[in-house]
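Quick notes on the structure that follows.
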Amino acid sequence: MDEEERPSKIQKLDHTLVSTKRDQEMANSNGESGTLDFSVGTDGSNPVRELKKTSLPIELNSTGPEEQQQQQLGGCASDDTPSTEQRPAMSKSRRKKLLRQERWEAGREDRKALRRRKTKERRERKRAEKAERANEEDAYTNEVGETQAAKHQPNPPQNVQVPITFLFDCSFDDLMGDKEMKSLALQLTRSYSDNRHARFKAHLAISSFGGKLKERFDTVLAKQHQSWKGIGFYAEDFEAVTKKTDGWMRQKPNGGTLLGALRKSQTQHEESNDLGDGEVVYLTSDSDAVLEELKPYSTYIIGGLVDKNRHKGLCYRRAMEKGVKTAKLPIGEFLEMNSRSVLAINHVSEIMLKWLDLGDWGQAFMEVIPRRKGGVLKNNSYDADDGLNDEFVAGGEDLKAADGESEDAGKCAELASDA
């Protein structure tokens, strides 16, 4: 082939110069201000390409501030911080207890509203019953033709203070658990409520008031006892408190009046020239002496021990150490029991309140002792269905205390509000 016909080689272009011009055109088209020197250096280097090469690299494995802080801390974390695997697992019973507490706290307002509604309904029911009785009396009066003066005879006195004291010895704090302490608090509240509603009320006092019992009254029961009337709370033991009782019983006019069975008892002592100055008696079933009657200006001590009969004879030994006279209620002289004669604290105080009103131990026992105890009068002169009480009672030391059913703060609040 001739050289004329042979195609000539295409001349190589300078790619550096072409790319430099192309970059310059792109920069001008984007409206960038200022001018850049895109000229090729004497050594053939391109400033734009060198700039691209020196740009900051992108970190693919970038981390957040918290992760970087953890990486910086690294192995400097304290070895004292226990890991999740090292923490002890919560027991099943503990979880159940926490759940019960949470449910209890969640339902506090509902229980309060329920108590208020029941109290309101009870008051309305009593008003309706009172109005119904009044209508029946009016109808009967019209039939028999009684005068207006006879219709409106004054009612017998109610809730009259008499010169006698019931002292609750609560010095057994270390012998009772939480459940027993709840029962003790409820029984004390019931005793106060019964005394406030009795026809003849006694002076009340609590000795050795402290420890878990005081803590429960201050926290769970919201210090409601501070508004109670006719009762004293003392940190001293029963021996020190008994030295104060004679003073407030003889104080006029708040000391009390001799009425009811106390007046009959006083009259009998005056006739026999055996007036006496009152006495201090610790009630315990371990005593050989029997309490035949309550005497004016006397103090009767009830042991505040809920122990399900674990500590037999404890109150008796404590009274003997202090040189205090002991006695027991005459249950065996009047009743035939199908079970042990175990009574709660509030039952003991209520029996003595009934005696102050009726002057008859047998009738007082039948109106207070729970039906489940199966008590029957030995002379069968009292209808058992008229007076037996269906209140709770469980095992405890005779004539001192019995472990009642599980209670809550709402029940105590209801009893206190009724008082």
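Bear in mind these aren't lab numbers, they're just calculated from the coordinates by the rules spelled out. Just so we're clear, the structure is a prediction, and the values are computed from it rather than from any experiment. Positions of Cβ are backbone-derived with ideal geometry, glycine not excepted, and every protein chain shown enters the neighbour counts.
Name the residue from HIS311, PHE238, GLN187 whose Cα lies farthest towards the positive end of the charge dipole of the stretch 160-329, charges +1 on Cβ of Lys and Arg and -1 on Cβ of Asp and Glu. Going by the Cα projections, it comes out as GLN187. Full extension of the chain between ARG116 and GLN158 gives 12.6 nm of extra length, using 0.36 nm per residue less the Cα-Cα distance. Electrostatic tally near LEU259: other residues with Cβ closer than 13 Å to its Cβ, Lys and Arg +1, Asp and Glu -1, net +3. Taking the Cα centre of the stretch 160-329 as reference, the dipole from Cβ charges on Lys and Arg (+1) and Asp and Glu (-1) amounts to some 640 debye. A Förster radius of 51 Å, combined with the Cβ-Cβ distance separating VAL220 from ASP288, puts the computed FRET efficiency at roughly 0.80. Kindly flag which residue pairs out of LYS212/LYS328; LYS264/LYS328; LYS214/LYS264; LYS212/LYS312 have an alpha-carbon separation exceeding 31 Å in this structure. Exceeds cut-off: LYS214/LYS264. Simple rule: put +1 on each Lys or Arg Cβ and -1 on each Asp or Glu Cβ in the stretch 160-329, find the dipole, and look at LEU291, ILE164, SER265; the Cα lying farthest toward the positive end is ILE164.
Along the stretch 200-211 the Karplus relation, 6.51 cos²θ - 1.76 cosθ + 1.60 evaluated at θ = phi - 60°, assigns HN-Hα couplings of 10, 9, 9, 6, 10, 8, 10, 9, 6, 7, x, x Hz to successive residues, with x for each Gly and Pro. Cross-linked pairs LYS182/LYS223; LYS201/LYS354; LYS201/LYS295; LYS126/LYS182: Cα-Cα separations exceed 20 Å for LYS126/LYS182. When the convex hull of its Cα atoms is viewed from all sides, the stretch 160-329 shows a mean projected area of 10.1 nm². Estimated at 0.36 nm per residue, the fully extended path between ARG95 and ASP360 surpasses their Cα-Cα distance by 90.1 nm.
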